[in-house]
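The values are calculated or read from the model by the stated rules, or taken from the named source; none is laboratory data. The structure presented is a predicted model; accordingly, all values stated were derived computationally and were not measured. Virtual Cβ from ideal backbone geometry, glycine too; neighbours counted across all protein chains shown. Side chains included, ligands, DNA and RNA excluded: accessible areas come from the protein's heavy atoms. Shrake-Rupley method; radii C 1.70, N 1.55, O 1.52, S 1.80 Å.
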Amino acid sequence: MMAALALMGCQETMDERCARETREYTEKKCPAQIIQGVTIDSLVYYPDSRTLTYYFTAEGIIDDAEALKEHDLRGMMLKELRNSTAMKDYKDAGYNFGYVYYSTKNKGTRLFETTFRKKDYQ
């Protein structure tokens with residue numbers, strides 16, 4: 001009985017797990033080019049809003065806010081999120097998912113930003 005209680009005390013909450021996994025992902029895998037012209041810079045968890053936010057930098061022909069809108073980046077990202085099995089636990093728990101793209105040529109300029117909530121991806 002005591003062993004079971006000790007194990008229960010060591011378990012992470014979903015929020016703790018999310019914070020740890022996003023931190024580890026950023027430390028081990030960022031920055032990394034995910035497709036030509038797009039680099040993932042970090043993945044951050046915001047516990048107050050229960051949002052996992054991906055930060056990207058765009059370069060080349062993708063480094064243009066109008067080009068991103070024209071190619072329906074939001075729609076593509078939502079489709080990818082809906083189909084993602086890697087995010088199943090977070091989706092089941094109702095987490096939010098944010099995506100932010102910054103410009104390379106105009107440092108600090110936000111090209112695109114969106115957040116998906118449970119009602120969007122389910």
_Count of residues meeting criterion [over 22 Å from SER103 (Cβ atoms) and of a type outside the set (Gly, Ala, Ser)] in segment 30-50_ = 5
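Considering ALA86, ALA67, which residue is hydrophobic (A, V, I, L, M, F, W, C) and in a loop (DSSP other than H, G, I, E, B)? I'd like the intermediate steps shown before the answer.
Working: ALA67 fails: in a loop (DSSP other than H, G, I, E, B).
Exactly one residue qualifies, and that residue is ALA86.
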*Please determine, by comparing only the residues of segment 79-105 that are under 15 Å from VAL38 (Cα atoms) and among the aromatic types (Phe, Trp, Tyr), which one is surrounded by the most Cβ atoms within 10 Å (Cβ to Cβ).*
TYR101
*Output yes when any residue across segment 50-63 is surrounded by 14 or more Cβ atoms within 10 Å (Cβ to Cβ), assigned to a strand (DSSP E or B), touching a Leu at 6+ places or on another chain (Cβ under 6 Å) and not small (Gly, Ala, Ser), and no when none is.*
yes
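Out of the residues in segment 106-122 that are open to solvent by 100 Å² or more (accessible area, probe 1.4 Å) and closer than 16 Å to LYS69 by Cβ, state the one that is farthest from the chain's Cα centre (by Cα). Break it down stepwise before answering.
Narrowing segment 106-122 to residues open to solvent by 100 Å² or more (accessible area, probe 1.4 Å): 107, 110, 113, 117, 119, 122.
If we keep only those that are closer than 16 Å to LYS69 by Cβ too, we end up with 110, 113.
Values: ARG110: 16, GLU113: 11 Å.
Selected residue: ARG110.
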